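Everything below concerns the one structure shown next.
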Amino acid sequence: KPNSCTFLVRFMKIACRGMTHGISAFTVLSKYILEVTLLSYDMNHKYLPSEVAAMTVFLARKCMELGSEITYLTEPIWPGTLCYHTGCSERKLENIAVDFMHEKKSISGWGLKSLKKIPLFDKVLHLALISLE
């Protein structure tokens, strides 16, 4: 049975097609967000692994646009290609991301030292989640 990591690799390949630069930062950010979602029991049992992976790519792309003055994307944050391959609309992913935001507040492992190594990503992720409310 494929897990969210399997789907993430596939979705990242598709998502990187529309990026002009910043692919390595996007990859690290996507994996970071997915690792945080793996700490949540509810997120991983409420949604399919493909939906969690799609939400991860969606948030990473949103963070890349909000957290930088450089334009990384040459297309919308959630283009038709990603919608087709993931089977998720932008609206559905926004709802999953809002659930993730509420769940993130209750994750006991969120403050782990290993996750604090990337404080900038936490700030950008927070901005992306606030923009969805």
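The values are calculated or read from the model by the stated rules, or taken from the named source; none is laboratory data. Model, not experiment: these values are computed from the prediction. Cβ placement follows ideal geometry from the backbone for every residue including glycine, while neighbour counts extend to all protein chains displayed. Surface accessibility is based on the protein's heavy atoms, side chains included, excluding ligands, DNA and RNA. Shrake-Rupley method; radii C 1.70, N 1.55, O 1.52, S 1.80 Å.
Which loop trypsin sites (Lys or Arg not before Pro) in the range 1-31, with loop taken from DSSP, have no more than 15 other Cβ atoms within 10 angstrom of their Cβ? Don't jump to the answer; show the numbers that get you there.
On the way: sites: Arg10, Lys13, Arg17, Lys31; in loops: Arg17.
Listed in order of number, the matching sites are Arg17.
Here the Karplus relation 6.51 cos²θ - 1.76 cosθ + 1.60, evaluated at θ = phi - 60°, turns the backbone of the range 28-38 into coupling constants of 5, 5, 4, 5, 4, 4, 5, 4, 5, 5, 5 Hz, with x for every Gly and Pro.
Here each label is just a point 7 Å from Cα along the line to Cβ, and for Lys31 and Cys16 those points are 1.1 nm apart. Per-residue packing, averaged as other Cβ atoms within 10 Å, sorts the ranges 56-65, 82-91 into the order 56-65, 82-91, beginning with the highest.
Sorting Asp42, Asp99 on solvent-accessible area from highest to lowest, probe radius 1.4 Å, gives Asp42, Asp99.
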